[in-house]
Amino acid sequence: MFFNEQLETYIQTHSQPEDPILQELSRETYLKMLHPRMLSGHIQGQLLEMISKMMQPLNILELGTYTGYSAICLAKGLHPKGRLITIDVNDEVESIAQKYFEKSGLAHQIEMRIGDALELIDDINETLDLVFIDASKSDYLGYYQKVLPKVRQGGVIIADNVLWSGKVVETKIRDNDYFTKGILAFNEFVQKDDSVHNFILPMRDGMMMMQKK
Ligand SMILES: C[S@@+](CC[C@H](N)C(=O)[O-])C[C@H]1O[C@@H](n2cnc3c(N)ncnc32)[C@H](O)[C@@H]1O
């Protein structure tokens, strides 16, 4: 959902201020990295943090770390004995993410794994309370199908970018547009899947919120 600049500012100034560590992470990401708009950012980060704080999860899995913004937001709500595993295929993001995990004081609860999320999900033996899907858009359905059996009853899965800048309602999709096709296949599958309660939260690029029944 897109708000004009004035409303964006109003939303930001009537919400819990952004953690200074996350502000710094955001600034460094915008200065040094490609595609900085990929990071969750202030308000989406607040949502992830609040959901995590309400759940106090023991085990969180994140697919798609990037520079670690959402991982830190999610880890803020972990149970004191909880852990977050975050996976990214790009080893170039590791040093910046690790630096901010340390700065946030949460590094002891966060483990970053480098590799293809679809493959590395197989190594997850923990029972998951909360999952954030934000890696390759063409693999969303595969992530969901692999992760769902590992999620406890009542556990929550959140998938980002499920409106894909509005492309989900375009009538013509190019044959090689694997990201849009991936998001469409995922959204259709989840909508028909009776094992979760789901809805699309119209925040930013759309977030599919799912709770396992
Ligand atoms: C949208 S960014 C993640 C943003 C991050 N969750 C945040 O909110 O700050 C997507 C990330 O997924 C990673 N990625 C893409 N394909 C992947 C794959 N097959 N396996 C694991 N990570 C992947 C990219 O390298 C990128 O860092």
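We did not get these values from a lab; they are worked out from the coordinates using the rules stated. Nothing here was measured: the structure is a model prediction, and the numbers come from that model. Here the Cβ is made from the backbone with ideal geometry for all residues, glycine too, and neighbour counts use every protein chain on show.
Selection among S26, L141, S15 by position relative to the dipole of the chain gives S15 as farthest towards the positive end (Cβ unit charges, Cα centre). Separation of region 189-205 and region 44-63, taken as the distance between their Cα centroids, equals 17 angstrom. Annotation: for a label point projected 7 angstrom from Cα along Cα→Cβ of A185, residues of region 108-140 with backbone N closer than 20 Å are 116-122, 133-140.
Computed from backbone phi with θ = phi - 60° and the Karplus coefficients 6.51, -1.76 and 1.60, the 3J(HN,Hα) list for region 156-172 is 10, 10, 10, 10, 8, 6, 7, 9, 6, 6, x, 5, 5, 10, 6, 7, 10 Hz; x is used for glycine and proline. Dimensions of region 1-123 from C-alpha coordinates, computed as largest minus smallest value along each principal axis and given longest first, are 45, 33, 27 Å.
Coupling constants for region 63-75 follow from the phi torsions by the Karplus curve (6.51 cos²θ - 1.76 cosθ + 1.60, θ = phi - 60°), and in residue order they are 10, x, 7, 6, 8, x, 4, 5, 4, 5, 4, 5, 5 Hz; glycine and proline get x.
From the C-alpha coordinates alone, can you work out the Kirkwood hydrodynamic radius of region 57-193, in Å?
15.5
Amide H contacts of V196: K213, each under 5 Å away and 5 or more positions distant or on a separate chain (H built 1.01 Å from N in the peptide plane; Pro and chain starts excluded). Please give the Cα centre distance for region 109-137 versus region 86-108, rounded to the nearest Å. The two parts, judged by their Cα centres, are 14 Å apart. The residues D123, D19, when put in order of fewest to most other Cβ atoms within 10 Å, stand as D123, D19. Remark on M207: its backbone amide H falls under 5 Å from those of V162, L201, a criterion applied only to residues 5 or more positions apart or on other chains, H modelled at 1.01 Å from N.
In region 61-125 the Cα-Cα distances spread across 5 Å bins starting at 0 as 4, 19, 34, 23, 15, 4 percent of all pairs.
Dipole check for the chain: with +1 at the C-beta of Lys and Arg, -1 at the C-beta of Asp and Glu, and the Cα centre as origin, the magnitude is about 460 Debye. Under a 5 Å amide H cut-off, with hydrogens placed 1.01 Å from N, R83 pairs with N59, I60 among residues at least 5 apart or on other chains.
Which whole-number percent gives the relative contact order of the chain, counting Cα pairs below 8 Å spaced six or more residues apart?
17
Taking θ as phi - 60° and the Karplus parameters 6.51, -1.76 and 1.60, the scalar couplings of region 12-28 work out to 5, 8, 10, 9, 3, x, 5, 3, x, 5, 6, 4, 5, 4, 5, 4, 5 Hz in sequence order, x denoting glycine and proline.
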